[in-house]
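In what follows, a structure is listed as structure tokens, so that the remarks can point back to it.
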Amino acid sequence: MNSASINDISSILSRVVEAKTDYDKRLLAQQLGINYRSLMYWLRGERPMPAHLVPQLCVLIGNCEVLDFLESQAGRVAFKLPAPHVTLEKQLVAISNLIKEVGEALESVAETLADGVVEESELRATIPKLEGVIQECASLKYVLEGLCKKRKTKTRS
């Protein structure tokens with residue numbers, strides 16, 4: 001990983017940890033199973049953080065910006081997996097919301113492309129909608145695969 005990426009990661013880490021003003025950094029280090037000094041090195045960008053600790057850190061502070069940054073560097077989009085015991089009713093609501101989001105995203109894309117010029121303000125409005133649809137579609141894929149597995153398990157029993 002080049003030094004620019006390390007600096008980006010440490011600046012994101014530092015910002016999201018600092019945003020959790022009520023979160024004690026010593027407690028965070030303890031929960032990660034590391035010493036406080038190491039955490040501070042990582043937050044200041046003096047040393048790279050071991051990759052295996054990043055997901056745990058994101059869960060502890062309730063912020064996945066670092067993972068999102070890493071995914072974007074790999075040309076990928078991450079999404080949160082749905083809860084494993086989601087009811088069919090909630091799944092149908094999620095599908096309904098997805099259909100609504102797809103419509104809004106396509107409308108936004110159409111408006112952006114209507115004049116043949118893509119302004120930065122249009123891009124800022126459209127990209128988050130598209131990313132939301134992509135994430136919802138990936139999440140829905142996971143739900144559908146889970147439903148299929150459940151059905152296969154039931155038919156075998």
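The values are calculated or read from the model by the stated rules, or taken from the named source; none is laboratory data. Values in this document were obtained by computation on a predicted structure and should not be read as measured data. Positions of Cβ are backbone-derived with ideal geometry, glycine not excepted, and every protein chain shown enters the neighbour counts. When the accessible area is computed, the model is the full protein with side chains, heavy atoms only, and any ligands, DNA or RNA have been set aside. Shrake-Rupley method; radii C 1.70, N 1.55, O 1.52, S 1.80 Å.
At-a-glance table
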| quantity | calculated |
| --- | --- |
| Out of Lys90, Lys80, sole residue that is assigned to a helix (DSSP H, G or I), open to solvent by 70 Å² or more (accessible area, probe 1.4 Å) and charged (D, E, K, R) | Lys90 |
| Residues within the stretch 113-129 that are open to solvent by less than 60 Å² (accessible area, probe 1.4 Å) and either small (Gly, Ala, Ser) or modelled with pLDDT under 80 (or both), tallied | 1 |
| Qualifying residue in the stretch 34-47 (condition: open to solvent by 50 Å² or more (accessible area, probe 1.4 Å), closer than 29 Å to Leu147 by Cβ and either modelled with pLDDT of 80 or more or assigned to a loop (DSSP other than H, G, I, E, B) (or both)) | no |
| Candidates Leu57, Leu13, Leu27 - the one that is loosely packed, with under 12 Cβ neighbours inside 10 Å, among the hydrophobic types (A, V, I, L, M, F, W, C) and either at pLDDT 90 or above or outside any loop (DSSP other than H, G, I, E, B) (or both) | Leu27 |
| Tabulated pairs, the stretch 63-80, first closer than 16 Å to Gly132 by Cα and among the β-branched types (Val, Ile, Thr), second at pLDDT below 85 and open to solvent by 70 Å² or more (accessible area, probe 1.4 Å), C-beta under 6 angstrom, 6+ apart or interchain | Val77/Ile134 |
| Some residue of the stretch 121-133 being part of a loop (DSSP other than H, G, I, E, B), of a type outside the set (A, V, I, L, M, F, W, C) and over 22 Å from Glu71 (Cβ atoms) | no |
| Test: residue in the stretch 130-145 that is under 25 Å from Gln31 (Cβ atoms) and open to solvent by less than 70 Å² (accessible area, probe 1.4 Å) | no |
| Glu71, sole failed condition from (1) surrounded by fewer than 12 Cβ atoms within 10 Å (Cβ to Cβ); (2) within 30 Å of Pro50 (Cβ to Cβ); (3) not polar (S, T, N, Q) | (1) |
| Close pairs from the stretch 28-43: first farther than 12 Å from Leu57 by Cα, partner open to solvent by 50 Å² or more (accessible area, probe 1.4 Å), Cβ under 6 Å, at least 6 apart | Tyr36/Arg26; Tyr41/Arg47 |
| Matching residues, the stretch 50-92, being within 14 Å of Ser139 (Cβ to Cβ) and not hydrophobic (A, V, I, L, M, F, W, C) | Lys80, Pro82, Pro84, Lys90, Gln91 |
